[in-house]
Ligand code: G4P
């Protein structure tokens with residue numbers, strides 16, 4: 001195997017999907033701990049103190065207790081290079097999460113054992129299913145009273161339509177959580193309280209039937225364990241790597257992220273079974289990860305990620321080959337060659353200058369306004385990667401500036417934040433208004449907050465009667481001119497300079513579409 005292939009085969013790129021509060025942040029922290037990316041837990045976050053997650057870059061996240069930005073973390077484990085992509089948990093940031101899921105090869109689903117399958121998890125699973133992303137499941141919070149493990153598996157299977165194969169089976173729960181029994185290695189892994197922030201050797205026993213364990217659980221609970229184990233063992237017989245890779249079967253693990261138990265088993269499972277980068281679909285052809293030529297696509301852009309640097313970073317997932325410092329890349333949409341000498345990688349939030357990176361890795365490119373979400377970069381070939389979702393805004397507000405002298409700053413801020421894809425700015429032709437469109441209502445608050453913090457501009461928002469937006473395309477010049485004349489009052493230019501139609505109502509839009517059949521009303525600005 002060539003060195004390139006070896007490096008690529010080592011990559012495991014995944015994200016965590018879960019409902020808010022299921023324990024994603026805690027799990028992220030413990031994964032980093034086991035990956036030795038941090039020295040002790042508590043470094044990443046403790047919301048009750050003023051420290052915050054390394055993966056949470058914005059102060060707003062601390063205030064709200066929601067994870068807004070997506071970050072990338074890389075560490076070594078079991079001879080693999082693990083890339084963990086953090087995703088925002090709040091529903092209003094869904095589009096960011098969706099795009100992040102296009103950049104991973106597998107996903108870890110964290111479920112609160114007491115609450116079972118929750119609404120956000122269902123949504124995220126739907127996205128994973130579109131790409132048949134392999135899923136590993138972790139039932140969290142075993143240190144509390146959880147639902148009966150067998151019913152939990154039933155619930156996952158029925159609601160999420162994925163077959164569960166337990167790799168481990170929990171013994172006890174809450175105060176009586178003894179540990180988990182390995183269905184494939186016939187070993188009992190004992191949970192020891194009070195080591196949530198450090199790595200300890202996990203004590204194991206052969207088999208599960210030991211006098212002290214029986215005594216600790218009591219005869220009743222021990223029997224309940226053996227009964228349910230029998231059923232779990234039968235299910236475990238259905239394990240198939242192929243079915244897992246096809247997204248049909250999910251291995252299920254149990255533990256407590258807070259108690260730092262089960263986390264290494266998650267990493268063992270990911271490094272052993274989760275796929276290395278495979279192939280990525282482009283309009284032109286499918287691109288194999290192990291091809292020697294470099295290619296990748298941008299799935300996220302973040303402005304002012306680090307206030308100390310005040311810059312905009314485009315997150316690029318490498319689809320094939322290798323990145324080397326100083327290499328020339330073809331920015332496919334612009335048809336332009338660019339030399340990239342300052343790509344960055346993200347190690348638990350600290351950016352580091354990057355010498356090389358391989359398919360599966362995420363690199364950060366400095367964006368000076370020329371990069372858009374969905375852009376492809378290659379070593380020369382024209383490839384347009386597909387499947388990066390773009391979302392049309394559904395909510396619109398007029399931006400009201402507090403200090404009229406700052407309108408330049410405001411426009412710049414709105415434009416730069418719009419590059420991130422969660423909001424879009426529109427400049428109507430009829431007046432000097434600035435209109436902001438967003439997918440979720442929380443976005444407006446986020447933008448107001450970030451404009452204040454990052455651009456020193458204070459603004460508020462006013463309702464405006466716009467129902468939806470369409471991007472206008474028309475090859476017939478005369479027809480376009482006729483349309484532009486008639487629709488003048490409803491036309492605007494978006495942050496990227498594209499002509500858009502701001503429809504006051506759906507009925508109006510329909511009428512316009514009927515009246516101007518030559519004009520295309522596109523619901524997204526294509527990626
Ligand atoms: P999220 O990112 O998915 O939203 O969840 P997060 O990790 O922030 O966890 C949500 C809450 O659940 C936190 O408590 C966290 O400590 C707790 N938690 C996570 N894993 C476990 C576990 O294995 N067992 C138990 N008992 N609790 C767990 P909080 O009180 O809301 O916040 P904090 O003050 O502890 O940060």
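Residues that are more than 30 Å from residue 131 (Cβ to Cβ): list the helices (runs of 4 or more DSSP H) wholly contained in the stretch 190-245 that include at least 3 such residues.
Numbers: elements: 211-217, 219-236, 241-245.
Qualifying helices (runs of 4 or more DSSP H): 211-217, 219-236.
For every residue, the table says whether it meets (1) away from the ligand (no atom under 16 Å from the Cβ); (2) in contact with a helix residue (DSSP H, G or I) (Cβ under 9 Å, 6 or more places away or on another chain).
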{"site": "114", "(1), (2)": "no, no"}
{"site": "133", "(1), (2)": "yes, yes"}
{"site": "142", "(1), (2)": "no, yes"}
{"site": "147", "(1), (2)": "no, yes"}
{"site": "153", "(1), (2)": "yes, yes"}
{"site": "158", "(1), (2)": "yes, no"}
{"site": "161", "(1), (2)": "yes, yes"}
{"site": "165", "(1), (2)": "yes, yes"}
{"site": "168", "(1), (2)": "no, yes"}
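Tell me the residue from 258, 253 that is assigned to a loop (DSSP other than H, G, I, E, B), within 16 Å of the ligand (Cβ to nearest atom) and not assigned by the TED database to the domain that holds residue 421, please.
On inspection, the qualifying residue turns out to be 258.
Which one of these does residue 93 not meet: (1) assigned to a loop (DSSP other than H, G, I, E, B); (2) within 14 Å of the ligand (Cβ to nearest atom); (3) modelled with pLDDT under 90?
Answer for residue 93: the failing condition is (1).
Residue 383 - would you say it is surrounded by 15 or more Cβ atoms within 10 Å (Cβ to Cβ), under 25 Å from residue 449 (Cα atoms) and touching a strand residue (DSSP E or B) at 6+ places or on another chain (Cβ under 8 Å)?
Details: surrounded by 15 or more Cβ atoms within 10 Å (Cβ to Cβ): yes; under 25 Å from residue 449 (Cα atoms): no; touching a strand residue (DSSP E or B) at 6+ places or on another chain (Cβ under 8 Å): yes.
It is false that residue 383 is surrounded by 15 or more Cβ atoms within 10 Å (Cβ to Cβ), under 25 Å from residue 449 (Cα atoms) and touching a strand residue (DSSP E or B) at 6+ places or on another chain (Cβ under 8 Å).
To keep it simple, each residue is scored yes or no on (1) at positive phi; (2) crowded, with 19+ Cβ neighbours inside 10 Å; (3) modelled with pLDDT of 95 or more.
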site: 407; (1), (2), (3): no, no, no
site: 412; (1), (2), (3): no, no, no
site: 418; (1), (2), (3): no, yes, no
site: 421; (1), (2), (3): yes, yes, no
site: 425; (1), (2), (3): no, yes, no
site: 439; (1), (2), (3): no, yes, no
site: 446; (1), (2), (3): no, yes, no
site: 450; (1), (2), (3): no, yes, no
site: 453; (1), (2), (3): no, no, no
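How many of the residues in the stretch 356-370 are at pLDDT below 90 and part of a loop (DSSP other than H, G, I, E, B)?
4
Please work out if residue 306 is surrounded by fewer than 18 Cβ atoms within 10 Å (Cβ to Cβ), within 30 Å of residue 196 (Cβ to Cβ) and at pLDDT 95 or above.
Details: surrounded by fewer than 18 Cβ atoms within 10 Å (Cβ to Cβ): yes; within 30 Å of residue 196 (Cβ to Cβ): yes; at pLDDT 95 or above: no.
Here the answer is no, as residue 306 does not meet what is asked.
Here is a check on your reading of the model: is residue 282 out of contact with any helix residue (DSSP H, G or I) (no Cβ under 8 Å at 6 or more places or on another chain) and either surrounded by fewer than 15 Cβ atoms within 10 Å (Cβ to Cβ) or modelled with pLDDT of 90 or more (or both)? Spell out how you get there, then give the answer.
Details: out of contact with any helix residue (DSSP H, G or I) (no Cβ under 8 Å at 6 or more places or on another chain): yes; either surrounded by fewer than 15 Cβ atoms within 10 Å (Cβ to Cβ) or modelled with pLDDT of 90 or more (or both): yes.
So residue 282 fits the description; yes.
Restricting attention to the stretch 3-37, which residues are more than 15 Å from the ligand (Cβ to nearest atom) and modelled with pLDDT under 90?
Selection gives 36, 37.
Residue pairs, Cβ under 6 Å, 6 or more apart or interchain, first in the stretch 504-527 and assigned by the TED database to the domain that holds residue 493, second surrounded by 14 or more Cβ atoms within 10 Å (Cβ to Cβ) and assigned to a helix (DSSP H, G or I). List them.
Correct list of pairs: 516/483; 518/479; 519/483; 521/513.
Filter the stretch 460-484 down to the residues that are part of a strand (DSSP E or B) and either free of Cβ contacts under 8 Å to residues at least 12 places away in the same chain or touching a helix residue (DSSP H, G or I) at 6+ places or on another chain (Cβ under 6 Å) (or both) and list them by number. Spell out how you get there, then give the answer.
Of the stretch 460-484, the ones part of a strand (DSSP E or B) are 460-463, 468-473.
461, the sole residue that qualifies.
Say we look at the stretch 190-201 and pick out the residues that are under 31 Å from the mean Cα position of the chain (by Cα) and surrounded by 15 or more Cβ atoms within 10 Å (Cβ to Cβ); which of these is nearest to residue 169 (Cα to Cα)?
Ranking the candidates gives 191 first.
The values are calculated or read from the model by the stated rules, or taken from the named source; none is laboratory data. Quick caveat, the model's predicted, so the values are computed rather than measured. As a convention, Cβ positions derive from the backbone with ideal geometry for all residues, glycine included, and neighbour counts pool all protein chains shown.
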